[in-house]
Structure formats: C-alpha cells, structure tokens
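The values are calculated or read from the model by the stated rules, or taken from the named source; none is laboratory data. Note that the structure is predicted; figures quoted are calculated from it, not measured. Every residue, glycine as well, gets a Cβ built from its backbone with ideal geometry; the counts of neighbours run over all protein chains shown.
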Amino acid sequence: MSKIAENIIRFREIIEPTATLVAVSKTKPNSDLQEAYDAGQRHLGENKIQEMTEKRETLPKDIHWHMIGHTQRNKVKYMAPYVHLIHSVDSPRLAKEINKQAKNNERTINCLLQIHIAEEESKFGFDKQELLDYLNSDAFKALENIQIKGLMGMATFTDDKDQVRKEFKVLKALYDEIKTTDLLKNKDKFTELSMGMTGDYEIALEEGSTMVRIGSAIFGSRD
C-alpha cells in the first residue's frame, strides 16, 4: 500500500463519520491523486481553477472537486460545468458571477460563504455584519442557481491553540445563528461547516466542523 493510501485511510478513520475529508491535492501530480482515488477518496480540493480543470480531464469522473482557494471571477466559467462545492465565496460580486455561470450551465452550484475569522489581514471573507447585511439583501435573494450549503473559515496561522479554538467557536456560533434565521432558501440544505486543516483539524472537529481540508499530511509537503 502506498504512503498516500495509508494516510487517506488513517485520516478517514479519524474524521469520518462526523465530518467529510477533503484531500487537498493542489500542486500534486495526477498520479498522486489517482493513488488517493484508489484508496477510496472521492473529495479532492484544489486552489487554482485552471489546475483543477486540467486534472479533471484525465482523472475519474466521479471525483467531487472542491474549490478551496481564493476565486477570481473571470475564472468561474471554467469550473462551472462540474465543480462540486466552492468553499471560498467571499463577496457578493463573486456570488453573482457564480450564479450567472451556473445558470449558463443549467445547474445549481453548491457554495459556502467564507467568513473572516482570523486576525491576519491576508485572509479573505465576510465579517459578521457584512454577511447578515448580504443575506438580507435583494442581491442575495436574486440568486436562483446557487445553493448555500454552509460556511467556511480559516483560523490564524499560529501555535496558540486557544486562539485557534476561539476563532472556530466564533464561526460555529455564526453558523448556528444563521441556521435559526429565515434568511436562507432551502434552509435544510445549510449543513456544512468547513473549518480545519492539517495543523488544526483536531480542534476544528471538537468545535463542530463537518468538513476538514487536509493536504500536506496526506500528500507530503507542497511541490
């Protein structure tokens, strides 16, 4: 059994059934992705649309492709025909473009709204008030071809576990608050809380994550 297969099996035993494992395969060759697939992994995460689209052309068609990176509006059209879930919807303008491209492809695209919970300025996402204002807006109500499946957030890159836990708690509280409002269409499909990566997934799971994104601990350090 390959090292990648061993890692996939080990993480799935830890993470499932409480959460979904998204194996983050960015920069990795298709041979590595195929090893993960052969070990039973179907959810793969990429952070560049072009790379994801190229990989998809030669890999099995039942892979669920997750776009986890910052998304440029002018690239949405390339993944609109097939993407399984976009984790990184961080602005009304991006949501509008995804909706447009989903409509062009006669499908509904599943999305997560990215929330800025970290103390780092480099992270993207809505803050709480921006999110609530957006969910109350006509622009949001006009989205016919997007299904909001939940929220995503990235904690500060730090060794301070208390800070990471505090940030995940903030995200979970916001998720719970939105779930009790009437701001969403198809509220029963608002079920995902994507938080936790290689360095902090254990804390994320303890704080209610339903989806964790693991890259280097499965595939090795990035090329």
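Some notes on this structure:
- Residue check, Leu205 at pLDDT 95 or above and out of contact with any Pro (no Cβ under 6 Å at 6 or more places or on another chain): yes
- Those helices (runs of 4 or more DSSP H) lying entirely in the range 103-187 with at least 1 residues in contact (Cβ under 8 Å) with a residue 40 or more places away in the chain, under 18 Å from the mean Cα position of the chain (by Cα) and surrounded by 15 or more Cβ atoms within 10 Å (Cβ to Cβ): 128-135, 161-179
- Residues of the range 34-64 satisfying the condition of being in contact with a Ser or Thr (Cβ under 8 Å, 6 or more places away or on another chain), part of a helix (DSSP H, G or I) and of a type in the set (A, V, I, L, M, F, W, C): Ala36, Ile49
- Single unsatisfied condition, Ala80 versus (1) surrounded by fewer than 20 Cβ atoms within 10 Å (Cβ to Cβ); (2) at pLDDT 95 or above: (1)
- Qualifying residue in the range 73-89 (condition: among the hydroxyl-bearing types (Ser, Thr, Tyr) and in contact with a strand residue (DSSP E or B) (Cβ under 6 Å, 6 or more places away or on another chain)): yes
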